[in-house]
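Below is one structure, written out as structure tokens, with a few remarks after it.
The values are calculated or read from the model by the stated rules, or taken from the named source; none is laboratory data. The shown structure was predicted, so the numbers you read here are calculated from the model rather than taken from an experiment. Here Cβ is always computed from backbone atoms with ideal geometry, including for glycine, and neighbour counts include all displayed protein chains.
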Amino acid sequence: MADTFTNLLVHIVFTTKHRIPFLQEALCKRVYDYLGGIIREKRGILLEIGGMPDHVHILARLKADCSVAELLRPLKSSSSKWIHDTFPQSAEFAWQVGYAAFSVSESQVAAVRRYIRNQAEHHAKLSFKDELIALLKKHQIEYDERYLLD
């Protein structure tokens, strides 16, 4: 082939450290915009972002030369520094160390976007831990519950 053709869709989930609810309404929109900017810097496309005060869901299309790990390093470190610099009252803010990432088929993009948009409704019935376990099981990812959350 003369070119590289990909459609690498990924659903990424990560939390604030100890799931402290730092991402209140006044802060989350600006944080989401900043995270979207980092994805664009990596030549990715942010399709959807949302979450709750203690965690973020991202649906993004990545370029072939950008692994999930290569995206998550600056996504978390740069946004954490930006939050500390922009919101001095959030000096204690930190992201958890790990993350979850799931491949998404093009045929499921609309469903994943709805899922991300409806987080508040979703979490009225389900804790983050239960949500994460359900996602891991759905994607057949083995886990040890002792190391599931920090």
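Observations on the structure shown:
- Within region 117-143, residues that are among the hydrophobic types (A, V, I, L, M, F, W, C) reach partners that are surrounded by 15 or more Cβ atoms within 10 Å (Cβ to Cβ) and in a loop (DSSP other than H, G, I, E, B) with beta carbons closer than 9 Å, at six or more positions or on different chains, in the pairs Phe128/Asp54.
- Test: residue in region 80-92 that is surrounded by 15 or more Cβ atoms within 10 Å (Cβ to Cβ), at pLDDT 95 or above, small (Gly, Ala, Ser) and in contact with a helix residue (DSSP H, G or I) (Cβ under 7 Å, 6 or more places away or on another chain): no
- Those residues of region 127-150 which are closer than 27 Å to Arg61 by Cβ, surrounded by 12 or more Cβ atoms within 10 Å (Cβ to Cβ) and not β-branched (Val, Ile, Thr), in sequence order: Phe128, Glu131, Leu132, Leu135, Leu136, His139, Tyr143
- For region 28-37, the set of residues classified as without any contact (Cβ under 8 Å) to a residue 12 or more places away in the chain and not charged (D, E, K, R) consists of Gly37 only.
- Residue match in region 14-29 (condition: within 21 Å of Val109 (Cβ to Cβ) and either under 14 Å from the mean Cα position of the chain (by Cα) or hydrophobic (A, V, I, L, M, F, W, C) (or both)): yes
- Pairs, first closer than 13 Å to Ile58 by Cβ in region 9-27, second among the polar types (S, T, N, Q) and part of a helix (DSSP H, G or I), C-beta under 7 Å, six or more apart: none
- Asp65 vs. criteria more than 30 Å from Glu142 (Cα to Cα) and modelled with pLDDT under 95: no
- Residue that is in a helix (DSSP H, G or I), surrounded by 13 or more Cβ atoms within 10 Å (Cβ to Cβ) and at pLDDT 95 or above, where the choices are Leu9, Leu59, Leu46, Leu35: Leu35
- Test for Gln96: is it under 29 Å from Asn7 (Cα atoms) and surrounded by 13 or more Cβ atoms within 10 Å (Cβ to Cβ): yes
- Residue in region 45-67 that is over 25 Å from Leu149 (Cβ atoms) and within 12 Å of the chain's Cα centre (by Cα) present: yes
- Among the residues of region 84-107, those identified as part of a strand (DSSP E or B) and among the hydrophobic types (A, V, I, L, M, F, W, C) are Trp95, Ala100, Ala101, Phe102, Val104.
- All of Ile45, Ile58 fail the test of being closer than 22 Å to Phe128 by Cβ and among the β-branched types (Val, Ile, Thr), apart from Ile58.
- Of all residues in region 55-74, those that are in contact (Cβ under 8 Å) with a residue 12 or more places away in the chain have Cβ atoms under 6 Å from Cβ atoms of residues that are exposed (fewer than 15 other Cβ atoms within 10 Å of the Cβ) and part of a loop (DSSP other than H, G, I, E, B), 6 or more apart or on another chain, in Lys63/Arg43; Ala64/Thr4; Ala64/Thr6.
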